[in-house]
Amino acid sequence: MTDEHEPLTATYERLRHSEDPQELGEFARRPLPDRSDAAAFSRATALLEAVAGNHHTAVEDRLYLAQTMPFPNILVKLSEDPEPSVRKAVAENTNDKNWLVGRLTKDDVDEVRAAALANPMTSWKMRMEGAEDERNDAHVLDLLSRFGVDEGKDGPAVLTAMIRRAVALNPNTDEETLERLADDPDIQVRHAVERRRSRRD
């Protein structure tokens, strides 16, 4: 247990360097003070940053924080976690700031990028870059190809059409997705499919 009367910096450093998963896990799951007690609330969230950034904190506790925390200082720490499942949980967290989830759209792991690109906080610019990124596989590109045409994936018509067009031109897009995009309501998307197919012939 941490001493509430210990200076914040001392407790922060102790938690940051702790090698005791039980102590760290207890702190990770401790209910936050009421926001009306601003000092206690601020202290608790600052200390959670130390817990989140300590790799001796058990993976399940880091996952818990990645899934439940709305605080950028904590999510930034977790977005750099060596465990891909933790980064994926951050990528799925709808409390993310768009710049943070945008960073995860460029992650080295496919599942993390896919989760970030599907997050409603992701900017259209990041989705556009994702549609152009040749590291993304057919599954991720299929997801991106549905913006602007599928229910629940609404957005500005011009931007979503640009994303679908970029998907059509990405060499990793599979035939099933191309077949659907060949009947796209936007003529530029349909033309992109024709261009892509002409390159193969």
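The values are calculated or read from the model by the stated rules, or taken from the named source; none is laboratory data. Please read all numbers here as calculations on a predicted model, not as lab measurements. Backbone-built Cβ (ideal geometry, glycine too); neighbour counts: all protein chains shown. Surface accessibility is based on the protein's heavy atoms, side chains included, excluding ligands, DNA and RNA. Shrake-Rupley method; radii C 1.70, N 1.55, O 1.52, S 1.80 Å.
Out of everything in segment 176-201 that is among the acidic types (Asp, Glu) and either closer than 17 Å to Ala131 by Cβ or touching a residue at least 60 places away in the same chain (Cβ under 8 Å) (or both), what residue ends up being least open to solvent (accessible area, probe 1.4 Å)? Even if it seems obvious, please write down each step before you answer.
The first filter runs over segment 176-201 and keeps only residues among the acidic types (Asp, Glu), leaving 176, 179, 183-184, 186, 194, 201.
After this cut, where a residue has to be either closer than 17 Å to Ala131 by Cβ or touching a residue at least 60 places away in the same chain (Cβ under 8 Å) (or both) as well, the list is 176, 184, 186.
Values: Glu176: 147, Asp184: 8, Asp186: 48 Å².
Going through the qualifying residues, I end up with Asp184.
Which pairs do you get when a residue that is in contact (Cβ under 8 Å) with a residue 24 or more places away in the chain, found in segment 150-167, comes within reach of a residue that is hydroxyl-bearing (Ser, Thr, Tyr), reach meaning Cβ atoms under 6 angstrom, with the pair 6+ apart or on two chains?
Short answer, once both residue conditions are applied: Arg164/Ser145; Val167/Ser145; Val167/Thr173.
Just checking, how many residues over segment 91-106 are open to solvent by less than 20 Å² (accessible area, probe 1.4 Å) and either assigned to a helix (DSSP H, G or I) or not polar (S, T, N, Q) (or both)?
Step one: list which residues in segment 91-106 are open to solvent by less than 20 Å² (accessible area, probe 1.4 Å), which gives 91, 93, 96, 100-102, 104-105.
Narrowing further to those that are either assigned to a helix (DSSP H, G or I) or not polar (S, T, N, Q) (or both): 91, 96, 100-102, 104.
Selection size over segment 91-106: 6.
Kindly establish whether Lys97 is more than 19 Å from Thr173 (Cβ to Cβ), more than 11 Å from the chain's Cα centre (by Cα) and not polar (S, T, N, Q).
Details: more than 19 Å from Thr173 (Cβ to Cβ): yes; more than 11 Å from the chain's Cα centre (by Cα): no; not polar (S, T, N, Q): yes.
Spelling it out, it is not the case that Lys97 is more than 19 Å from Thr173 (Cβ to Cβ), more than 11 Å from the chain's Cα centre (by Cα) and not polar (S, T, N, Q).
Starting from segment 68-90, keep only residues that are buried (at least 22 other Cβ atoms within 10 Å of the Cβ), then list their pairs with residues that are acidic (Asp, Glu) and not in a helix (DSSP H, G or I) whose Cβ atoms are within a distance under 8 Å, requiring at least 6 positions of separation or different chains.
Leu75/Asp96; Arg87/Glu80; Arg87/Asp81; Arg87/Asp107; Val90/Asp81; Val90/Asp96
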